[in-house]
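Participant: Below: one structure in structure tokens.
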Amino acid sequence: MSEVRHNWTKEEILEIYNRPMMDLLYDAATIHRKQHDPNVVQVSTLLSIKTGGCSEDCGYCPQAARYHTGVEGNDLMTVNQVKAQALRARESGSSRVCMGAAWRNVKDGPEFDQVLEMVRGINKLDMEVCCTLGMVTENQAQRLAEAGLYAYNHNLDSSEEYYKEVISTRGYQDRLDTIDNVRKTNVTVCSGGIIGMGENVEDRAGMLVALSTLNPQPESTPINALVAVEGTPLEDEKPVEIWDMIRMVATTRIVLPETQVRLSAGRTQMSREGQSMCFFAGANSIFAGDKLLTTPNPDVNEDMKMFKLLGLNPQKPFTKKVQPQTVEAADSQFETLGEKPKWSRPEHKIERNEVAKAKGKLVK
Ligand code: SF4
């Protein structure tokens with residue numbers, strides 16, 4: 001029952017999602033226990049290394065320049081600032097640092113070179129390094145791999161159909177192309193999505209079809225509950241019910257049995273009991289730190305108290321895969337090509353995105 005399958009259909013996934021809760025929990029927990037230590041949870045710290053001012057129109061994102069959300073933009077952090085934050089994260093129990101930059105895509109040049117130095121610096125601290133920098137070319141992915149990157153995050157967000165209702169400035173295939181570029185290296189793939197954006201259950205199943213069809217499946221899949229931020233097109237969406245989150249986590253665990261399922265954004269809205277059910281249903285990673293890029297997250301001490309209460313242990317770094325070697329910039333075997341990833345501009349209009357943009361202009 002827990003073999004990895006790449007031919008899941010939407011109907012099969014919907015059947016799992018809609019099982020009676022006790023059956024769903026039992027099935028997911030059984031698979032979880034076969035593939036993973038149920039008392040170990042991987043802890044990542046997410047660091048916004050460059051905040052705000054993004055050119056894209058993702059309807060959930062407070063960092064899109066076109067909406068007025070009060071997020072203050074910041075320039076790229078320095079390598080030393082990032083290393084200092086990584087050390088703090090390690091002291092508080094994180095095994096991974098995930099660096100996020102509000103970019104549509106990586107551009108070759110001094111800023112990317114600075115990010116590569118950050119990757120080198122954190123890998124040398126014996127921590128797993130993840131980046132989420134937008135679209136990347138194969139050459140850029142190779143350079144990240146050479147610097148010692150452990151994982152690259154690029155979420156599919158939702159089903160292909162619903163993606164068009166949330167983002168108009170790029171297509172779903174662009175997401176898949178970046179994941180494909182990362183897959184050509186030895187960097188692991190982190191890709192998941194967000195629930196609570198107004199999608200239906202079929203869209204949730206559709207996203208899991210897309211993720212499970214990837215071969216290999218992502219090593220990590222974040223399941224986010226939308227944090228509806230004022231000023232974004234999705235500001236009026238209702239908070240996700242905990243039962244939806246538990247169903248989504250359990251279904252993800254069954255469809256992606258070997259993947260680390262990450263409880264990501266939206267944890268502040270969940271009780272400890274709710275989070276415990278998610279861990280039982282197969283979630284085995286969280287993000288620590290009081291902020292997730294720009295939205296609130298539980299305090300690290302609160303998380304450690306919860307771990308103690310539940311007898312959970314933070315996962316040690318490089319448990320699932322050996323530590324990558326870091327090659328210094330001077331010894332790189334990859335040339336800087338000065339290229340940009342190719343992407344599409346579907347340019348269809350999403351009414352609520354247009355309304356939010358118009359409101360943003362008024363306020364600015
Ligand atoms: S999710 Fe990423 S690409 Fe989309 S607007 Fe936010 S920072 Fe930009």
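The values are calculated or read from the model by the stated rules, or taken from the named source; none is laboratory data. Every value quoted in this text rests on a predicted model; they were computed, and no experiment measured them. Cβ atoms come from the backbone with ideal geometry, glycine included; neighbour counts cover every protein chain shown. Only protein heavy atoms, including side chains, enter the accessible area calculation; ligands, DNA and RNA are left aside. Shrake-Rupley method; radii C 1.70, N 1.55, O 1.52, S 1.80 Å.
Participant: In a helix (DSSP H, G or I), more than 13 Å from the ligand (Cβ to nearest atom), open to solvent by 40 Å² or more (accessible area, probe 1.4 Å) and touching a residue at least 24 places away in the same chain (Cβ under 8 Å): is that true of residue 34 in this structure?
Facilitator: yes
Participant: Select from segment 88-133 the residues that are farther than 20 Å from residue 219 by Cβ, in contact with a Phe, Trp or Tyr (Cβ under 9 Å, 6 or more places away or on another chain) and either within 14 Å of the ligand (Cβ to nearest atom) or in a helix (DSSP H, G or I) (or both) and list them in ascending order.
Facilitator: Hits for segment 88-133 are 104, 105, 106, 111.
Participant: Could you pull out the residue among 305, 316 that is touching a residue at least 12 places away in the same chain (Cβ under 8 Å), open to solvent by 70 Å² or more (accessible area, probe 1.4 Å) and basic (Lys, Arg)?
Facilitator: Result: 316 is the single residue among 305, 316 that is touching a residue at least 12 places away in the same chain (Cβ under 8 Å), open to solvent by 70 Å² or more (accessible area, probe 1.4 Å) and basic (Lys, Arg).
Participant: Please verify whether segment 41-53 includes one or more residues that are open to solvent by 60 Å² or more (accessible area, probe 1.4 Å) and among the basic types (Lys, Arg).
Facilitator: For segment 41-53, residues open to solvent by 60 Å² or more (accessible area, probe 1.4 Å) and among the basic types (Lys, Arg): absent.
Participant: May I pose another question? Open to solvent by 10 Å² or more (accessible area, probe 1.4 Å), within 18 Å of residue 213 (Cβ to Cβ) and basic (Lys, Arg): is that true of residue 175 in this structure?
Facilitator: So residue 175 fits the description; yes.
Participant: On to the next question. Pick from segment 143-168 the residues that are without any contact (Cβ under 8 Å) to a residue 40 or more places away in the chain and hydroxyl-bearing (Ser, Thr, Tyr): which of them is surrounded by the most Cβ atoms within 10 Å (Cβ to Cβ)?
Facilitator: First, pick out the residues of segment 143-168 that are without any contact (Cβ under 8 Å) to a residue 40 or more places away in the chain: 152, 154, 163.
Subsequent filtering for residues that are hydroxyl-bearing (Ser, Thr, Tyr) retains 152, 163.
Working: 152: 27, 163: 25.
Restricting to residues being without any contact (Cβ under 8 Å) to a residue 40 or more places away in the chain and hydroxyl-bearing (Ser, Thr, Tyr), the top hit is 152.
Participant: Does residue 94 satisfy the condition of being modelled with pLDDT under 95 and farther than 24 Å from residue 309 by Cα?
Facilitator: no
Participant: Return yes when residue 295 is of a type outside the set (Phe, Trp, Tyr), under 18 Å from the mean Cα position of the chain (by Cα), open to solvent by 60 Å² or more (accessible area, probe 1.4 Å) and modelled with pLDDT under 95 and no when it is not.
Facilitator: When the stated conditions are applied, residue 295 does not pass them.
Participant: Take residue 125 and decide whether it is open to solvent by 10 Å² or more (accessible area, probe 1.4 Å) and touching a helix residue (DSSP H, G or I) at 6+ places or on another chain (Cβ under 6 Å).
Facilitator: yes
Participant: Mind checking which residues of segment 11-31 are crowded, with 16+ Cβ neighbours inside 10 Å and touching a residue at least 60 places away in the same chain (Cβ under 8 Å)?
Facilitator: Matches in segment 11-31: 13, 14, 16, 17, 24, 25, 27, 28, 29, 31.
Participant: Still on this structure, please answer the following. Just give me the residues in segment 331-364 being open to solvent by 100 Å² or more (accessible area, probe 1.4 Å) and not basic (Lys, Arg), in sequence order. It would help to see each step written out before you state the result.
Facilitator: If we filter segment 331-364 for residues that are open to solvent by 100 Å² or more (accessible area, probe 1.4 Å), which is where we start, we get 331, 333, 335, 340, 342, 347, 349, 351, 359, 361-362, 364.
Passing the criteria: 331, 333, 335, 347, 351, 362.
Participant: Identify all residues within segment 187-208 that are under 24 Å from residue 133 (Cβ atoms) and without any contact (Cβ under 8 Å) to a residue 40 or more places away in the chain; write none if there are none.
Facilitator: Selection gives 189, 191, 193.
Participant: Also: Can you tell me how many residues within segment 180-205 are in a helix (DSSP H, G or I) and open to solvent by less than 10 Å² (accessible area, probe 1.4 Å)?
Facilitator: 2
Participant: Could you list, in sequence order, all residues of segment 55-86 that are within 16 Å of the ligand (Cβ to nearest atom) and not in a loop (DSSP other than H, G, I, E, B)?
Facilitator: Hits for segment 55-86 are 64, 74.
Participant: Could you tell me which residue of segment 158-179 is farthest from residue 138 (Cα to Cα), considering only residues that are of a type in the set (D, E, K, R) and either in a loop (DSSP other than H, G, I, E, B) or touching a strand residue (DSSP E or B) at 6+ places or on another chain (Cβ under 8 Å) (or both)? Give the derivation first.
Facilitator: At the first step, the residues of segment 158-179 found to be of a type in the set (D, E, K, R) are 160-161, 164-165, 170, 174-175, 177.
Then keep just the ones that are either in a loop (DSSP other than H, G, I, E, B) or touching a strand residue (DSSP E or B) at 6+ places or on another chain (Cβ under 8 Å) (or both); that gives 164-165, 170, 174-175, 177.
Numbers: 164: 25, 165: 28, 170: 18, 174: 13, 175: 13, 177: 9 Å.
Applying the filter and picking the extreme gives 165.
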